[in-house]
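The values are calculated or read from the model by the stated rules, or taken from the named source; none is laboratory data. In this text, all values refer to a predicted model and were calculated from it rather than measured experimentally. Note that each Cβ is placed from the backbone with ideal geometry, even for glycine, and that neighbours are counted across all protein chains shown. Side chains are part of the model used for accessible areas, which takes the heavy atoms of the whole protein and leaves out ligands, DNA and RNA. Shrake-Rupley method; radii C 1.70, N 1.55, O 1.52, S 1.80 Å.
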Amino acid sequence: MLQMISRKPCEIDRGEQPPSFAMQFKALLALVWPKTHVKFERDWCKAASVTARHYETPRFTRVDALWIPVDSVLEKNHEENEAYLEVLRANGAQLEQARYIQDIQIGNHGRTLACALAKAEEFRRLARSVERDGIRRPVLLVDVAEFDLPYRMFRFDGHHRAICAKHLGMDLVPAFVFKVTPPVISRH
């Protein structure tokens, strides 16, 4: 049976279908693929909830291919989720004024309006693709239940895919969930 991690620590729900052999194999490849580690370390080191607590970057110890509730995937950076959903619902003139464009793309990332609108269109194409084909590339998560963080899953790849799933009313998303070494506080 497939396991799904719930929002509550140490609770596991049981799903109907196990992950395919291919999905399990891809999860193992992600565990040993150097780019996975680089992406995780980069996101870990810039996450405000992590740096405020001075956690050193943990190391992966194993990975599981699971179906995770979309709300659990979106707990990290939950305050931005509505801005992302807003751009998927916006039309024409509303799009330029959407918080995703003004606050995130222009304000946070320093993009021009034209570039921000192009990013929004790319995001909207992703939503159409997810609606048509489902989520083809699992989101990447780290189970941080042992850490003193305001969420259970540290998402380091797949925010846009998870937002699209939420927008489309999906309950679960495919995920590679990494287990990591216990928390260590840096001595800096």
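The residues of the stretch 51-62 that are in contact (Cβ under 8 Å) with a residue 60 or more places away in the chain and surrounded by fewer than 19 Cβ atoms within 10 Å (Cβ to Cβ), listed by number, are ARG53, HIS54, GLU56, ARG59, PHE60, THR61, ARG62.
Would you confirm, using the coordinates I've provided, whether ALA114 is assigned to a loop (DSSP other than H, G, I, E, B) and surrounded by fewer than 16 Cβ atoms within 10 Å (Cβ to Cβ)?
Spelling it out, it is not the case that ALA114 is assigned to a loop (DSSP other than H, G, I, E, B) and surrounded by fewer than 16 Cβ atoms within 10 Å (Cβ to Cβ).
For LYS76, the test of being within 21 Å of PHE147 (Cβ to Cβ), of a type in the set (D, E, K, R) and part of a loop (DSSP other than H, G, I, E, B) is passed. Reported count of residues in the stretch 17-50, each being open to solvent by 80 Å² or more (accessible area, probe 1.4 Å) and in contact with a Leu (Cβ under 7 Å, 6 or more places away or on another chain), is 2. ALA175 meets the stated requirement of being within 22 Å of THR36 (Cα to Cα), in contact with a helix residue (DSSP H, G or I) (Cβ under 8 Å, 6 or more places away or on another chain) and not in a helix (DSSP H, G or I). Cβ-Cβ contacts under 7 Å between residues 6 or more apart (or on different chains), taken from a first residue in the stretch 119-137 that is more than 20 Å from PHE176 (Cα to Cα) to a second residue that is among the β-branched types (Val, Ile, Thr) and surrounded by 15 or more Cβ atoms within 10 Å (Cβ to Cβ), are listed as ALA120/VAL87; ALA120/ILE101; PHE123/VAL87. In this structure, does LEU66 turn out to be in contact with a strand residue (DSSP E or B) (Cβ under 6 Å, 6 or more places away or on another chain) and either at pLDDT below 85 or over 20 Å from ILE185 (Cα atoms) (or both)? Spelling it out, LEU66 is indeed in contact with a strand residue (DSSP E or B) (Cβ under 6 Å, 6 or more places away or on another chain) and either at pLDDT below 85 or over 20 Å from ILE185 (Cα atoms) (or both).
Are any residues in the stretch 134-152 open to solvent by 70 Å² or more (accessible area, probe 1.4 Å) and farther than 28 Å from VAL50 by Cα, and if so, which ones? Step through it out loud before you land on a result.
Filtering the stretch 134-152 for residues open to solvent by 70 Å² or more (accessible area, probe 1.4 Å) gives 136-137, 146, 148, 150.
The answer is ARG136, and nothing else.
When PHE156, PHE123 are checked against the criterion of being of a type outside the set (Lys, Arg), closer than 25 Å to GLN24 by Cβ and surrounded by fewer than 22 Cβ atoms within 10 Å (Cβ to Cβ), PHE156 stands alone in meeting it.
Might you let me know whether the stretch 147-164 holds any residue that is touching an Asp or Glu at 6+ places or on another chain (Cβ under 6 Å), outside any loop (DSSP other than H, G, I, E, B) and under 19 Å from ARG42 (Cβ atoms)? Within the stretch 147-164, one or more residues are touching an Asp or Glu at 6+ places or on another chain (Cβ under 6 Å), outside any loop (DSSP other than H, G, I, E, B) and under 19 Å from ARG42 (Cβ atoms).
Residue-by-condition table, conditions (1) open to solvent by 50 Å² or more (accessible area, probe 1.4 Å); (2) of a type in the set (A, V, I, L, M, F, W, C); (3) in a helix (DSSP H, G or I); (4) closer than 25 Å to ALA27 by Cβ:
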| residue | (1), (2), (3), (4) |
| --- | --- |
| ASP64 | no, no, no, yes |
| ILE68 | no, yes, no, yes |
| ASN81 | no, no, yes, no |
| LEU88 | no, yes, yes, no |
| GLN94 | yes, no, yes, no |
| GLN105 | no, no, yes, no |
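Determine, yes or no, whether ALA98 is modelled with pLDDT of 90 or more, open to solvent by 60 Å² or more (accessible area, probe 1.4 Å) and of a type in the set (A, V, I, L, M). Judged against the criteria, ALA98 is not a match.
Given the criterion under 19 Å from ARG42 (Cα atoms) and β-branched (Val, Ile, Thr), identify the matching residue among VAL142, VAL130, VAL87, VAL70.
Details: VAL130 fails: under 19 Å from ARG42 (Cα atoms); VAL87 fails: under 19 Å from ARG42 (Cα atoms); VAL70 fails: under 19 Å from ARG42 (Cα atoms).
That would be VAL142, the only listed residue that is under 19 Å from ARG42 (Cα atoms) and β-branched (Val, Ile, Thr).
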